[in-house]
1. How much accessible area per residue does the chain have, in Å², with a 1.4 Å probe?
2. Quick check: from the Cα gyration tensor, does the stretch 16-91 come out rounded (a/c under 1.5), prolate or oblate?
3. Expressed as a whole percent, how much of the Cα-Cα distance distribution for the stretch 108-192 exceeds 21 Å?
4. Using θ = phi - 60° and the Karplus relation 6.51 cos²θ - 1.76 cosθ + 1.60, list the HN-Hα couplings for the stretch 7-12 in order, rounded to whole Hz, with x at every Gly or Pro.
5. How high is the relative contact order of the stretch 58-217, in percent, with contacts defined as C-alpha pairs under 8 Å that are six or more residues apart?
6. Can you show me the helix-derived [θ] at 222 nm for the chain, built from DSSP H runs with n ≥ 4 at -39,500 (n - 2.57) apiece and divided by the number of residues, rounded to the nearest 500.
7. I'd like the FRET efficiency for Glu149 and Asp79, computed as 1/(1 + (r/R0)^6) with the beta carbon distance as r and R0 of 30 Å, rounded to 0.05.
8. At 7 Å along the Cα-to-beta-carbon direction for both Glu164 and Ala123, put a label point, then send me their distance in nm to one decimal.
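The values are calculated or read from the model by the stated rules, or taken from the named source; none is laboratory data. On a predicted model such as this, the values are computed, not experimentally measured, just so you know. Note that each Cβ is placed from the backbone with ideal geometry, even for glycine, and that neighbours are counted across all protein chains shown. Surface areas here come from the heavy atoms of the whole protein model, side chains and all, with no ligands, DNA or RNA. Shrake-Rupley method; radii C 1.70, N 1.55, O 1.52, S 1.80 Å.
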Amino acid sequence: MALEWLTFDCYGTLIDWEGGVFAALAPLLPPGVERDDLGHRYISAEAAIEADAYLPYRDVLDRAGRAVLLDLGRALGPDEPNPLPDSVPAWTPFPEVPTALKQLRERGLRLAILSNVDRDLIAHSIARLGVRPDLVVTAEDCRSYKPAEGHWRRFERESGAGPEKAIHVAASQYHDIAPATALGYRTVFVNRHAERIGDVEPTAQIADLASLPEAIARLSTG
């Protein structure tokens with residue numbers, strides 16, 4: 001069947017979450033902590049929290065941010081506010097993203113975002129993309145976090161499409177590429193950090209979204 005949909009992870013794929021987290025926590029960090037180091041610490045803390053019972057993403061942000069600061073010796077007191085949850089509306093897209101999404105939309109493809117976030121937070125991010133997706137599925141909607149399959153199952157119910165009509169595009173092997181592949185989806189891994197490919201091979205690999213329209217054209221005709 002012909003390709004109809006592209007499904008995207010949002011943070012790390014379309015929106016620069018690492019830059020956003022670093023900017024929010026920078027005033028609280030000890031000297032010498034680099035963006036990449038903070039990113040690795042944060043994603044590990046977040047994944048551990050998301051693996052437990054469902055919490056709203058604002059609570060995940062708060063707990064993960066506090067855990068990282070505690071690990072770095074800069075613990076917040078129980079009454080001290082964590083700047084991370086309220087920083088999400090300021091997180092920006094990667095520079096090439098609006099143009100790439102526009103090109104894909106102009107080719108007649110429908111776009112969906114499947115994101116580990118709350119509805120109110122992703123609304124701010126969507127406003128920055130320059131293209132409004134046709135469908136959005138959040139952790140708040142399915143009450144679970146990727147790599148659980150809830151996002152894809154809800155996408156299938158709401159779109160009427162499945163792996164034969166959709167390709168999933170994401171920057172996380174753990175949260176997206178592995179589970180999407182297990183569900184039968186073709187995948188495009190946005191490998192912004194030149195990571196080593198793990199046990200699950202993506203269908204295609206790109207360095208950023210600038211080359212996504214070309215990659216999708218190849219997959220559509222291959």
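1. For the chain, the solvent-accessible area averages 46 Å² per residue.
2. Rounded, because the longest to shortest axis ratio a/c is under 1.5.
3. On the way: 870 of 3570 pairs.
Counting every Cα pair in the stretch 108-192, those more than 21 Å apart make up 24 percent.
4. 9, 10, 5, 9, 7, x
5. Value for the stretch 58-217: 16 percent.
6. The helix contribution divided over the chain gives -11500 deg cm²/dmol.
7. E between Glu149 and Asp79, to the nearest 0.05, is 0.20.
8. Taking the simple label geometry, Glu164 and Ala123 are separated by 3.7 nm.
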